[in-house]
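Notes follow the structure.
The values are calculated or read from the model by the stated rules, or taken from the named source; none is laboratory data. Being a predicted model, the structure only gives us computed values, none of them experimental. Reconstructed Cβ throughout: ideal geometry from the backbone, glycine too, with neighbour counts over all protein chains shown.
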Amino acid sequence: MSSPSNPSAGRSSPYAIELNGLTRRFGSFIAVDGLSLKVKKGELFGFLGPNGAGKTTTINMLTTLLKPTEGSALVAGYDLSEEDALVRSRIGVVPQKFSLFEELTPLENLWYIGELYSMDRSLVQRRSEELLKIVTLYDKRDVRSGTFSGGMKQRLSVAAGLLHSPEILFMDEPPTGLDPQSRIALRELTQTLNASGMTVIYTTHDMDEADKLCDRIGIMDHGKLIALGTSAELKSSQHYSHCIEIEFERVPEQKLLDELKALVGAISVSLEGRRASLPVRRLPPDLIHKLSDFLSRRRISTRDFKVREPTLEEVFINLTKKELRD
Ligand SMILES: Nc1ncnc2c1ncn2[C@@H]1O[C@H](COP(=O)(O)OP(=O)(O)OP(=O)(O)O)[C@@H](O)[C@H]1O
Ligand SMILES: [Mg+2]
């Protein structure tokens, strides 16, 4: 609950969002289960999670589209339940399924949104032109948006979310269905907006994207936040620091794999095709020398050898397990 005495209420708060036990039930089903989290102003924060984890439900509550059943949240320093109009005036939203008027041009779509926000018309005109240049749709400003590709519609959707100069931009799975060029363009646009001081909160299934883009990542599963940190922190929380990978010329015998495991002090050994993976808590000294000596004495040929750190995808799978979700 916010009150004038709440030290973090209002614009002076260092946090863009503060969630306190935020919960949403649908009947007896709990889609978001007591989420508590703070995201600092200026952060680029990503929610990751399997299908049905509760990401969109969380974003929908934070953007006032859906009422929480329990808990509270401050968004841009304003209470979600009691100051929802103020929250809406400070946030921009790019939804999972964008809703544009296909029969209208980009300029007309933006004009309509300006009306919804009761914005000054000359300001709308100026901002629209500015934004359409940023999302590289200025040349198409008078073309009916129903004729646009998925990438162009997505960029127009971002421009629509930015029209009223929000402090916080919420994007729900922005790269869905976009080609690599459009994804890169959108990533660069997100970085530019974030570099200009805007807090960006977004959800994605793209691990590589999250790894590259986010200051911090929150992993959700079954409505709960199960991990939180920078990508490096999440990776270092794994029970192994490195994974040694060896691709053999021929499928190796289990005995050889067991010997290799003992040689490098691996936690386990697994084989996929001809590629063996050996996760280790720490890299053994003199690894290359030991391995080449071991393999040459046994006259075993290899095709490839590498040592890599855990990936964000492995962190994700280790935390959320492999079973498919509804
Ligand atoms: N209006 C609703 N009525 C009933 N159940 C709902 C409703 N909206 C969402 N749910 C359920 O809540 C859970 C969380 O859904 P949500 O859309 O938030 O997941 P998500 O993490 O965004 O998934 P995705 O990655 O597929 O977008 C799902 O099991 C979903 O079926
Ligand atoms: Mg979703």
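Filter region 279-300 for residues that are surrounded by 12 or more Cβ atoms within 10 Å (Cβ to Cβ) and among the β-branched types (Val, Ile, Thr) and give the result.
Val280, Ile300
This table checks each residue for (1) aliphatic (A, V, I, L, M); (2) assigned by TED's automatic domain parsing to the domain that holds Ser182; (3) farther than 28 Å from Ser12 by Cβ.
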| site | (1), (2), (3) |
| --- | --- |
| Pro50 | no, yes, yes |
| Pro68 | no, yes, no |
| Asp84 | no, yes, no |
| Leu123 | yes, yes, no |
| Leu131 | yes, yes, yes |
| Thr136 | no, yes, yes |
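Please indicate, with yes or no, whether at least one residue in region 115-128 is within 30 Å of the chain's Cα centre (by Cα), under 17 Å from Thr192 (Cα atoms) and either assigned to a helix (DSSP H, G or I) or modelled with pLDDT of 95 or more (or both).
Yes - at least one qualifying residue is present in region 115-128.
With respect to Gly223, is the statement that it is buried (at least 22 other Cβ atoms within 10 Å of the Cβ), over 12 Å from the mean Cα position of the chain (by Cα) and within 16 Å of ligand 2 (Cβ to nearest atom) true?
Taking the combined requirement at face value, the residue satisfies it.
Residue-by-condition table, conditions (1) touching a Lys or Arg at 6+ places or on another chain (Cβ under 9 Å); (2) basic (Lys, Arg); (3) more than 30 Å from Asp33 (Cβ to Cβ):
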{"residue": "Ser81", "(1), (2), (3)": "yes, no, no"}
{"residue": "Lys97", "(1), (2), (3)": "no, yes, no"}
{"residue": "Leu110", "(1), (2), (3)": "yes, no, yes"}
{"residue": "Val124", "(1), (2), (3)": "no, no, yes"}
{"residue": "Ser128", "(1), (2), (3)": "yes, no, yes"}
{"residue": "Leu132", "(1), (2), (3)": "yes, no, yes"}
{"residue": "Ser145", "(1), (2), (3)": "yes, no, yes"}
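Among the numbered criteria (1) more than 14 Å from ligand 1 (Cβ to nearest atom); (2) in contact (Cβ under 8 Å) with a residue 40 or more places away in the chain; (3) assigned to a loop (DSSP other than H, G, I, E, B); (4) touching an Asp or Glu at 6+ places or on another chain (Cβ under 6 Å), which one does Ala53 miss?
Only one criterion in (1) more than 14 Å from ligand 1 (Cβ to nearest atom); (2) in contact (Cβ under 8 Å) with a residue 40 or more places away in the chain; (3) assigned to a loop (DSSP other than H, G, I, E, B); (4) touching an Asp or Glu at 6+ places or on another chain (Cβ under 6 Å) is unmet by Ala53, namely (1).
Checking the condition part of a helix (DSSP H, G or I) and assigned by TED's automatic domain parsing to the domain that holds Glu173, which residue from Glu209, Glu259 passes?
Answer to the selection: Glu209.
Only one of (1) within 9 Å of ligand 1 (Cβ to nearest atom); (2) at pLDDT 95 or above; (3) touching a Ser or Thr at 6+ places or on another chain (Cβ under 6 Å) fails for Glu70. Which number is that?
(1)
What number of residues within region 160-181 are surrounded by 19 or more Cβ atoms within 10 Å (Cβ to Cβ) and part of a helix (DSSP H, G or I)?
Residues flagged as surrounded by 19 or more Cβ atoms within 10 Å (Cβ to Cβ) and part of a helix (DSSP H, G or I) within region 160-181 amount to 3.
With the condition kept exactly as written, say whether any residue in region 97-104 is within 16 Å of ligand 2 (Cβ to nearest atom) and surrounded by 15 or more Cβ atoms within 10 Å (Cβ to Cβ).
Yes, because at least one residue in region 97-104 is within 16 Å of ligand 2 (Cβ to nearest atom) and surrounded by 15 or more Cβ atoms within 10 Å (Cβ to Cβ).
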